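Here's the structure we're looking at; comments come further down.
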Amino acid sequence: MSIDLVCAQELSVELAQSISALLPYGDMSHDQIHRGNGIASRYPVATDRIRMPKRDGWVARLSPRNWQKLPCPIEVVNVHISGPHLWPYFPRLVRRKAQLEALLEDSERRTGTPHAIFGDFNSSPIWPVYKKMSARFVDGARESGGSELGFNGTWPYMPWLGIKGLLRIDHCFLWKLSAKRARILEIPGSDHLGLLVDIDISEQRFRDAR
């Protein structure tokens, strides 16, 4: 399996260092990990952040200069939306709404650039955060057919109890991009299953997505 870019949340410093040894570009800085996100890439990318309450989103810009199969620049966004299930509940719900608003506002400025938004949204398809995202973007897992993914959950992952995902709360939302394939991966030591998405970067699919 060849993975070109990783969007990770809740990384330890040790795990970030291990990933960076294989995917040396991106941003796995301590500040980024502390805020819950990390982006690691096989090839050079330019990185930036999206100002969001409590926990910023992060952006990797991929250029055809470094990614030779790309017909045009694209961006990959990594977010970690606060969970609604921890006390105190009300402030977290307010923060989730503000984080989503900041993400959508930022995406409005990116409408001319194909982009994918990955992350732990702490929201299943019946929750408002997912519904608002899927109303504007394509759910990459669903677009790819979902037969292999099976629409299985990505959380919680507790194999010692026989639990391998009850809720689908990790997502890939696409703007002017298409997904060829999506599947889930077991990640030892994580309480989430990983979501792996193959993005179709052929020129024809770029034209079809515009």
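Within segment 164-179, not a single residue is in contact (Cβ under 8 Å) with a residue 40 or more places away in the chain and assigned to a helix (DSSP H, G or I). Residues of segment 59-74 that are polar (S, T, N, Q), modelled with pLDDT of 95 or more and over 15 Å from GLY112 (Cα atoms): ASN66 alone. Of the residues making up segment 119-161, those that are part of a helix (DSSP H, G or I), surrounded by fewer than 16 Cβ atoms within 10 Å (Cβ to Cβ) and of a type outside the set (Phe, Trp, Tyr) are PRO128, LYS131, SER134, ALA135, ARG136, PRO159, LEU161.
Name every residue in segment 123-140 that is in contact with a strand residue (DSSP E or B) (Cβ under 7 Å, 6 or more places away or on another chain) and more than 21 Å from ILE199 (Cα to Cα), in order of residue number. SER124, the sole residue that qualifies.
Listed here are the residues, each with its yes/no results for (1) touching a Phe, Trp or Tyr at 6+ places or on another chain (Cβ under 6 Å); (2) closer than 21 Å to ILE187 by Cα; (3) at pLDDT 95 or above; (4) not in a loop (DSSP other than H, G, I, E, B).
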residue	(1), (2), (3), (4)
PRO44	yes, no, yes, no
ASP48	no, no, no, yes
VAL76	no, no, yes, yes
LEU93	no, no, no, yes
ILE117	yes, yes, yes, yes
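The values are calculated or read from the model by the stated rules, or taken from the named source; none is laboratory data. What you see is a predicted model; the values in this text were computed from it and never measured. All Cβ positions, even for glycine, are placed from backbone atoms using ideal geometry, and neighbour counts span all protein chains on display.
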